[in-house]
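> Just dropping this structure here.
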Amino acid sequence: MRAIPRTPLHTALLAVVCVLVAVGCSSLSSRHNTPSRPRSSTSPGAGTMGVAFDGLPGMPPPLDPHDLYAADRPGALSAAVRNFPNLIYVPNTISNTVSIIDPATDKVIRTIRVGRQPQHVVPSWDLKTLWVNNDLGNSLTPIDPATGKVGKPVDVHDPYNLYFTPDGKHAVVMASQDRQLVFRDAHTMAVDKAVPVSCGGVNHADFSPDGKYFIVSCEFSGELLKVDTAAMKVVGQQRLAYQGSMPQDVKLSPDGRTFYIADMSADGVWVLNGDTFAAPTLLKTGRGAHGTYVSRDSRYLYVSNRGEGSISVLEFATGKLVNKWWLPGGGSPDMGGVSTDGNILWLSGRYNSEVYKIDTRSGKLIDRIPVGAGPHGLCVYPQPGRYSLGHTGIFR
């Protein structure tokens, strides 16, 4: 699944964008590879094609309003991460460790002892830090992806999962047991506001194209939340129309119109219009649908079906399933990410103490790599993109 070729017209239009946005880029390559701090959404030329970007103040405007993942093309690494070693970070929830895999050899080259029950390894908004979410250890362990140095754990209560607001200002801790969304300073992790929620098991999220709201899944009560980013306030809540629903990973389509929410009890993904927040429809993918990952060319969504050992492939253009890849001998594909070149999908095997390396061109399993017990929120790092919205890597 290769990147969509650029036409001369497309290239010319992108060149115009470079001039208007005035980020100092002299070519398409440098534009993709140069990170930018948030700029005011009201500044002249802040939007694409010369139209002002009406987004969350301080949020970088999208490179392409028709493709939110335009900055995630193969090899388009930011200058901030370009020299980082290419590694796979695997948090083992039962072993209380992080296994680090060299993708060139498919071998675990290092094991780091962290806090109790590490759930996810999360890239920071500025791409410079990897945060290990030690849920029951009530801490975040920082790892410097440039050097591999492990920093002093930061006290954070119930950090099941971690996200960052698109303006880079706040970290949002999914405090599942505490029933809170905790907005913290993105760098110091000091609490700015704790937002109580009435649903059970807040765990995954993704942001609207303009960053003004985000959708949150509530695993244990089968509900969805809509949260106003700037106000830090829940503005919508609904229960999914499936008895025993357990919504998991959330991912926005490239055109920004549709949220896909995996549901491991309903065995599929919910298709939601976030703007209207009307009741979503269910698209069946496979037993135990859990993780969702966008291909490097923005054409496909990979959905890991943990309960049956398969990966469903959804085509964004049609909204239909176009393929299903089965792991030979079964498995429990969970969380992960796509390689820098887009040719490999890496997924943790939650109940099998292993990691799966899958060829995205053929769907074939390349390797199974033994790791610690209970591998969960695997992070492929570095990845293309200008900034991170959190989780195991939502880059824009």
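The values are calculated or read from the model by the stated rules, or taken from the named source; none is laboratory data. Remember, it's a predicted structure, so these values are computed and weren't measured experimentally. Cβ coordinates were reconstructed from backbone atoms using ideal geometry, including for glycine residues, and neighbour counts include every protein chain displayed. When the accessible area is computed, the model is the full protein with side chains, heavy atoms only, and any ligands, DNA or RNA have been set aside. Shrake-Rupley method; radii C 1.70, N 1.55, O 1.52, S 1.80 Å.
> Contact order normalised by length for the range 337-378, with contacts defined as Cα pairs under 8 Å and 6 or more residues apart; what percent is it? The partial results should precede the final answer.
Numbers: 84 pairs, mean separation 15.4, N = 42.
That works out to 37 percent.
> Of THR285, TYR387, PHE207, whose Cα points farthest to the positive end of the dipole of the chain (charges on the beta-carbon: +1 Lys, Arg; -1 Asp, Glu; origin at the Cα centre)?
The listed residue farthest towards the positive side: TYR387.
> Follow-up question, since we're still on this one. Hey, what's the chain come to in accessible area per residue, 1.4 Å probe, Å²?
37 Å²
> Apply the Karplus curve 6.51 cos²θ - 1.76 cosθ + 1.60, θ = phi - 60°, to the phi angles in the range 295-310 and return the couplings in whole Hz, x for Gly and Pro.
5, 5, 9, 6, 8, 10, 10, 8, 10, 7, 9, 5, x, 10, x, 9
> Rg and Dmax of the range 238-282, using alpha carbons, in Å: what are they?
10.0, 31
> Equivalent ellipsoid semi-axes for the range 167-308, as square roots of 5 times the alpha carbon gyration tensor eigenvalues: give them largest first, rounded to whole Å.
On the way: eigenvalues 113, 60, 39 Å².
Working through the eigenvalues yields semi-axes of 24, 17, 14 Å.
> Only Cα pairs within less than 10 Å get springs; with that Gaussian network setup on the chain, which residue of ILE109, ILE88, ILE215 has the largest fluctuation?
Highest fluctuation among the options: ILE109.
> Right, another one. Determine which lysines satisfy two conditions relative to LYS324: a Cα distance under 20 Å, and not lying fewer than 8 residues away in the same chain.
Hits, sequence-local ones excluded: LYS251, LYS284, LYS357, LYS364.
> Moving on to the next point. What do you get for Rg/Rh of the range 256-362 when both radii come from the Cα atoms and Rh is the Kirkwood radius?
We get a ratio of 0.96 for the range 256-362.
> How high is the relative contact order of the chain, in percent, with contacts defined as C-alpha pairs under 8 Å that are six or more residues apart? Write out the running numbers ahead of the final one.
Working: 1181 pairs, mean separation 61.5, N = 396.
Relative contact order of the chain: 16 percent.
> In whole percent, how big is the carbon plus sulfur part of the accessible area of the chain, probe 1.4 Å, protein atoms only?
53 percent
> Something else: Treat every Asp and Glu Cβ in the chain as -1 and every Lys and Arg Cβ as +1, leave all other atoms uncharged, and give the resulting dipole magnitude about the Cα centre to the nearest 20 debye.
Computed about the Cα centre, the dipole is about 540 debye.
> Gaussian network model of the chain, Cα springs within a sub-10 Å range: biggest mean-square fluctuation belongs to which of VAL81, VAL121, VAL355?
VAL81
> For the chain, state the semi-axes of the equivalent ellipsoid (square roots of 5 times the eigenvalues of the alpha-carbon gyration tensor), sorted largest first and rounded to whole angstrom. Don't skip to the answer; put the middle values down first.
Numbers: eigenvalues 157, 114, 103 Å².
That gives 28, 24, 23 Å for the three semi-axes.
> Now, a different point. How high is the relative contact order of the range 74-214, in percent, with contacts defined as C-alpha pairs under 8 Å that are six or more residues apart?
Numbers: 327 pairs, mean separation 18.4, N = 141.
RCO, the range 74-214: 13 percent.
> Continuing with this model, one more query. Which value, in debye to the nearest 20, gives the size of the charge dipole of the range 269-396 about its Cα centre, when Lys and Arg are +1 and Asp and Glu are -1 at the Cβ?
So the dipole magnitude of the range 269-396 works out to roughly 120 debye.
> Taking a temperature of 10 °C and a viscosity of 1.306 mPa s, what whole-number D in µm²/s does Stokes-Einstein yield for the range 46-183 with Rh from Kirkwood over alpha carbon pairs?
So the translational diffusion coefficient is about 95 µm²/s.
> On to the next question. Enumerate the calculated ³J(HN,Hα) couplings along the range 278-288 in order (Karplus 6.51 cos²θ - 1.76 cosθ + 1.60, θ = phi - 60°), each rounded to whole Hz, writing x wherever the residue is Gly or Pro.
In residue order, the calculated couplings are 6, 4, x, 9, 9, 10, 5, 10, x, 5, x Hz.
> Then there's this: Give me the accessible area of LYS107, 1.4 Å probe, in Å² rounded to the nearest 10.
We get 130 Å² for LYS107.
> What are the ³J(HN,Hα) values, in whole Hz, obtained from phi via the Karplus relation 6.51 cos²θ - 1.76 cosθ + 1.60 with θ = phi - 60°, for each residue of the range 324-339 in sequence order, with x given for Gly and Pro?
Whole-Hz 3J(HN,Hα) from phi for the range 324-339: 9, 10, 9, 7, x, x, x, x, 9, x, 10, 9, x, x, 9, 4.
> Rounded if a/c is under 1.5, else prolate if a/b is larger than b/c, else oblate: which is the range 341-393, with a ≥ b ≥ c the root eigenvalues of its Cα gyration tensor? It would help to have the intermediate numbers written out before the result.
Working: a/c = 2.89, a/b = 1.22, b/c = 2.36.
Oblate, because a/c is 1.5 or more while a/b does not exceed b/c.
> Given the rule -39500 (n - 2.57) for each run of at least 4 DSSP H residues, summed and divided by the residues of the chain, what is its mean residue ellipticity at 222 nm, to the nearest 500 deg cm²/dmol?
Numbers: 2 runs with 20 residues, N = 396.
My calculation for the chain gives -1500 deg cm²/dmol from helical runs alone.
> For a quick size check, give me the Cα extents of the range 301-352 along its three principal axes, largest first, whole Å.
Rounded to whole Å, the extents work out to 34, 25, 16 Å.
> Apply the Kirkwood formula to the range 85-155: the hydrodynamic radius equals the inverse of the mean of 1/r over all pairs of different alpha-carbon atoms; give it in Å with one decimal.
12.0 Å is the Kirkwood radius here.
> Just grab the label-to-label distance for ALA241 and ASP126, each label 7 Å out from Cα along the Cβ direction, in nm (one decimal).
4.6 nm
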